[in-house]
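Heads up, the thing below is written out as structure tokens.
The values are calculated or read from the model by the stated rules, or taken from the named source; none is laboratory data. What you are looking at is a predicted structure, and each value in this text was computed from that prediction instead of being measured. Here the Cβ is made from the backbone with ideal geometry for all residues, glycine too, and neighbour counts use every protein chain on show.
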Amino acid sequence: MLATILAFTSDEIWENLPGGNDRAASVHLAVLPAEADSQASQDLRKNWERLFEIRDSVLQSLEDARNSKVIGSSLEARVELAASGETLELLTRYREELRYVFIVSQVDVTSSGKADDLTVKIAPAEGQKCERCWNYSTRVGESDRYPTVCERCVEALDEIERNGAAA
């Protein structure tokens, strides 16, 4: 749907989606569905509305932590979330994406044991700062080839080298 606005970006995304052999060569040649799955769309919208409510709480806690000199920037933070019920289920489902949603280095999700409760705590991130992405990770220094970067950046640099060698 964004292809008409972000033509090149949409085509690059299309090229990198899984299952490339089973679809049109370009997003601009693809047939859009007549209508979206309404229930799935509503569930997804509900989930993200709740995640952004939680994000507002996290951002306020990050600001408080900055003001009290616990952290400098948000990437220096580890967010500790304690929740229960549907909120815990939602946070657990999106656990891998939360650090990107909150723009922090680390997020821990635990059960609070209290009904419909959410607690947000901010602590300094563990590990060292990656010189490439500036996120903190306990795995910086694991690579002999790239001793100053995190595990994500090691993978990215390896891929860049592979693609550069193939070109």
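Numbers below:
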| read-out | value |
| --- | --- |
| Conditions (1) touching a residue at least 24 places away in the same chain (Cβ under 8 Å); (2) assigned to a helix (DSSP H, G or I); (3) in the same structural domain as Lys121 (by TED's automatic domain parsing): number failed by Arg66 | (1) |
| Residues located in the range 112-151, provided they are within 23 Å of Leu59 (Cβ to Cβ) and outside any loop (DSSP other than H, G, I, E, B) | Leu118, Thr119, Val120, Lys121, Ile122, Ala123, Pro124, Lys129, Tyr136, Ser137 |
| Residue under evaluation Glu35, criteria (1) touching a Gly at 6+ places or on another chain (Cβ under 8 Å); (2) at pLDDT below 95, criterion not met | (1) |
| Members of the range 75-106 found to be within 14 Å of the chain's Cα centre (by Cα), in a helix (DSSP H, G or I) and either more than 15 Å from Phe52 (Cβ to Cβ) or not β-branched (Val, Ile, Thr) (or both), listed by number | Leu75, Leu91, Thr92, Arg93, Arg95, Glu96, Glu97, Leu98, Arg99, Tyr100, Phe102 |
